Amino acid sequence: MDFEERKKLYKSNAWQVTRKLVLERDNHECQECKRNGKVFTDYHKPDKHKRLDIDHIKSLERHPHLAFDMDNLQTLCIKCHNKKENRFHPNQSKRKKWFDEMW
Ligand SMILES: [Zn+2]
């Protein structure tokens with residue numbers, strides 16, 4: 001799945017519905033922070049959409065058929081999400097910018 005296709009996906013109604021389901025399932029908590037014993041949640045803050053991302057555990061680029069698979073989705077805060085993306089794509093600073101702009 002290329003950049004344009006992903007952009008289209010993230011703007012689709014189906015994605016808006018799916019990401020809401022994932023957020024609710026995960027209690028609006030960053031799953032990575034939770035694993036590390038911290039709880040990052042901004043459920044009660046009005047700008048929550050800017051601070052929590054939905055992450056594809058297996059990347060969309062390689063597993064486009066898992067785009068809406070709840071088992072492949074997890075809630076991450078922007079910080080953990082960027083950390084994860086940078087780990088897999090150390091040279092793609094463009095990506096980080098894109099994710100910041102998305103939400
Ligand atoms: Zn986090």
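Modelled this way, with points 7 Å down the Cα-to-C-beta line, the labels at Glu24 and Glu4 are 3.5 nm from one another.
Karplus-derived 3J(HN,Hα) values for the stretch 77-84, using 6.51 cos²θ - 1.76 cosθ + 1.60 with θ = phi - 60°, are 6, 3, 4, 5, 5, 4, 4, 5 Hz; glycine and proline are entered as x.
With both labels modelled 7 Å from their Cα along Cα-to-Cβ, the His63 to Lys79 distance reads 2.6 nm.
Bear in mind these aren't lab numbers, they're just calculated from the coordinates by the rules spelled out. Just so you know, these numbers come straight off a predicted model, no measurement behind them. Ideal geometry is used to build each Cβ from the backbone, glycine not excepted, and the neighbour counts take in all protein chains shown.
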